[in-house]
Amino acid sequence: MLLPLPTSRAPLPSWVRNAVLSAAGGWCTYCGSMGVRAEVVDHVVPLERGGADDITNLIPACRSCNASKKDRTPAQWKKSLERRHYNPRKWWDEPPCPDFMGYTDAGLVELVAEAQSEVMAAASPYQERAAAKMIALVVRLDANLRNLTPSQRKEVLAALQGLIDQYRD
């Protein structure tokens, strides 16, 4: 049996990672009240389930929670942990149940939404700097376009139009 090869995707820009990991005071969204620092960026809706590498879909998490959550949504993960920890905890149960286990489903949604809003607030200064850098690149692109042949210019502008169409609301 052959295992599927991992698909390569572009890494998140460093400013996105920094913004996400600085949200929620730098603590894991799921078990942060237990004093666990966020080390990785978690996709609320996993990529395998149609989620995107979009800042609105990212929250800070510790490695343990992220690895345990795998390709599940927070609600699906909570249900799997509830099944696992249905019986009273034994000393060999590792890792311990995250604090969010006491939340209702609506409370869990609220917890994740709060983390997402903190990510957006933390990302704002980074987004402003990124936008300023992109504007500077557009000015340089304009200068470069002037030095291309008409056919080359048409090709570059078509590629840019495709990119613009992808991000148009």
What does the extension gain come out to for Asp142 and Ser14, with contour length at 0.36 nm per residue minus their alpha carbon separation? 43.4 nm
Going Cα to Cα from Lys133, which lysines come in below 25 Å? Please leave out same-chain ones fewer than 8 positions away. Lys154
Rounded to 0.05, the calculated FRET efficiency for the beta carbons of Arg168 and Glu110 at R₀ = 25 Å is 0.20
Stretchable slack from Val40 to Ile135, in nm (0.36 nm times residue separation minus alpha-carbon distance): 31.2 nm
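Every number here is computed from the coordinates shown, using simple stated rules; none is lab data. If you're wondering where the values come from, they're calculated on a predicted model, not measured in any experiment. Note: ideal-geometry Cβ built from the backbone for every residue, glycine included; neighbour counts use all protein chains shown.
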